[in-house]
Amino acid sequence: MSADTQLEKWEVFIQSKPGANFVHAGCVHASDKKMALQNARDTYTRRGEGTSIWAVPCDAIVASNPDENDMFFDPANDKTYRMPTFYVMPEGAKAI
Amino acid sequence: MELQEQTTVQVDLLKSFEEKIGRDDAIEPKDKMPDAYRKHLIRQISQHAHSEVIGMQPEGNWITRAPSLRAKQILLAKIQDEGGHGLYLYSAAETLGISRTEMIEQLHSGKAKYSNIFNYPALNWADIGAIGWLVDGAAIVNQVSLQRTSYGPYSRAMVRICKEESFHQRQGYEIMAKMMAGTADQREMAQDAMNRWWWPALMMFGPHDSESPRSGDAFKWKIKRQSNDELRAKFIDKTVQQAEVIGLTIPDKDLKWNEARGHYDHGPIDWNEFYNVINGNGPCNKQRMDHHKRVHAEGAWVREAAEAYRAKKEKQLFQSKN
């Protein structure tokens, strides 16, 4: 065992209050789940920033490739009918 | 690939990178970036991380000697923040492909630097005030500017750090204000700390723009948004008034408001001292590095035990499944 192992990397997500989205905060190093949560708490919530934490092993995350963005996100580009502003509403209609 | 074809690809990559920078789009870890950009950031962010961590030493020295329980709790919280800031920054640097182990090796070998300011000693309690007020104050000016740096993870770390740092500066200023409202001896201590920390704090912004021109890659690629002298002026302009309010004298007889420039003019900075300390001859260089190496080696068993515990748990889990 190497003496200067820096343990595994975990990405940390924090929910600022109940009902809010979990937002990426940063990364910690830890050898297991429990240590990952404790390190995430000590590193990213020293001022009550969170009510809940997710810690995810970095190698479990799959990320899209920015070089392929045009092709990857292309299916959404020509579907303006997914937007409410696409539709023509009759004159005088209210609360719609 | 033919050489010419290869060169064309590289030119195209650089062009699309620089267009992105031109649009003020953040650069993210998986984006293509020039090697020089990556290298510059690794050097700057790791140096920044090392500074946070080494910066814990001069203050840590005063935890057991803080003058009240309130002061001790505050100092502990501040030092814990500095450790946290080091971790945010190491994480940001890791996104560029360097490991934490490599960064620590580079610190220990001297290849990576840390801020020169931490090679000065904290001699008494007034120094804790001066460090928080002046050293953290100077760091904040720099870090506020870096919130707009072009590399996303570095910028996000800066935003988080700036939110936390303002308490550091205020606690330092409070210590100085309290001492200046105290006995003649206390006032003398506060002024003495001011005299010793003022010039090293100004040196934190680095060489004058005439020595370190704005035209470099750091500006072209928006890693840096403001020059050393601009940031230094910003720090001086706001600190002079704070010193006046509590009755401290800035130890610079040439300090004078320049109406035309809209900034204070200051006396010459002793760059010989600056380079002398950078080159290892400051009062505490050896002590800081020896301490970091010793604690890192002494802490190895903790990391080994954590790995051994994980291995044991995994083995138990495997056996219970079979």
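Assorted remarks:
- Among the numbered conditions (1) without any contact (Cβ under 8 Å) to a residue 60 or more places away in the chain; (2) open to solvent by less than 60 Å² (accessible area, probe 1.4 Å); (3) part of a helix (DSSP H, G or I), the only one that B:Lys315 does not meet is (2).
- Filtering B:Ile236, B:Ile269 for residues that are under 22 Å from the mean Cα position of the chain (by Cα), touching a residue at least 12 places away in the same chain (Cβ under 8 Å), assigned to a helix (DSSP H, G or I) and more than 14 Å from chain A (Cβ to nearest Cβ) leaves a single hit, B:Ile236.
- Applying the condition of being under 16 Å from B:Gly84 (Cβ atoms) and β-branched (Val, Ile, Thr) to the range A:23-63 and asking which residue is nearest to the other protein chains (Cβ to nearest Cβ) yields A:Thr43.
- Counted residues, the range B:239-262 - those being in contact with a strand residue (DSSP E or B) (Cβ under 8 Å, 6 or more places away or on another chain) and not in a loop (DSSP other than H, G, I, E, B): 4
- For the range B:253-296, the set of residues classified as more than 16 Å from B:Asp237 (Cα to Cα), of a type in the set (Gly, Ala, Ser) and loosely packed, with under 15 Cβ neighbours inside 10 Å consists of B:Gly280 only.
Rundown of residues vs (1) crowded, with 20+ Cβ neighbours inside 10 Å; (2) not hydrophobic (A, V, I, L, M, F, W, C), yes/no style:
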| position | (1), (2) |
| --- | --- |
| A:Val23 | no, no |
| A:Ala30 | yes, no |
| A:Tyr44 | yes, yes |
| A:Gly50 | yes, yes |
| A:Ala55 | yes, no |
| A:Ile61 | no, no |
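- Considering the conditions (1) open to solvent by 20 Å² or more (accessible area, probe 1.4 Å); (2) in a helix (DSSP H, G or I), B:Lys224 is excluded by exactly one of them, (2).
- So B:Lys30, is it out of contact with any helix residue (DSSP H, G or I) (no Cβ under 9 Å at 6 or more places or on another chain), farther than 20 Å from B:Arg288 by Cβ, without any contact (Cβ under 8 Å) to a residue 40 or more places away in the chain and not hydroxyl-bearing (Ser, Thr, Tyr): no
- Qualifying residue in the range A:15-22 (condition: modelled with pLDDT of 95 or more and within 11 Å of another protein chain (Cβ to nearest Cβ)): no
- Output for the range A:17-39, where each listed residue is under 13 Å from the mean Cα position of the chain (by Cα) and not in a strand (DSSP E or B): A:Ala20, A:Asn21
- Comparison of A:Asp74, A:Asp67 shows that the only residue that is on the phi < 0 side of the Ramachandran plot, among the acidic types (Asp, Glu) and either open to solvent by less than 80 Å² (accessible area, probe 1.4 Å) or more than 10 Å from chain B (Cβ to nearest Cβ) (or both) is A:Asp74.
- Helices (runs of 4 or more DSSP H) (entirely within the range B:1-115) containing at least 2 residues that are charged (D, E, K, R) and either open to solvent by less than 20 Å² (accessible area, probe 1.4 Å) or within 14 Å of another protein chain (Cβ to nearest Cβ) (or both): B:3-22, B:69-94, B:100-109
The values are calculated or read from the model by the stated rules, or taken from the named source; none is laboratory data. Just so you know, these numbers come straight off a predicted model, no measurement behind them. Positions of Cβ are backbone-derived with ideal geometry, glycine not excepted, and every protein chain shown enters the neighbour counts. SASA here: full protein model, heavy atoms, side chains in, ligands and nucleic acids out. Shrake-Rupley method; radii C 1.70, N 1.55, O 1.52, S 1.80 Å.
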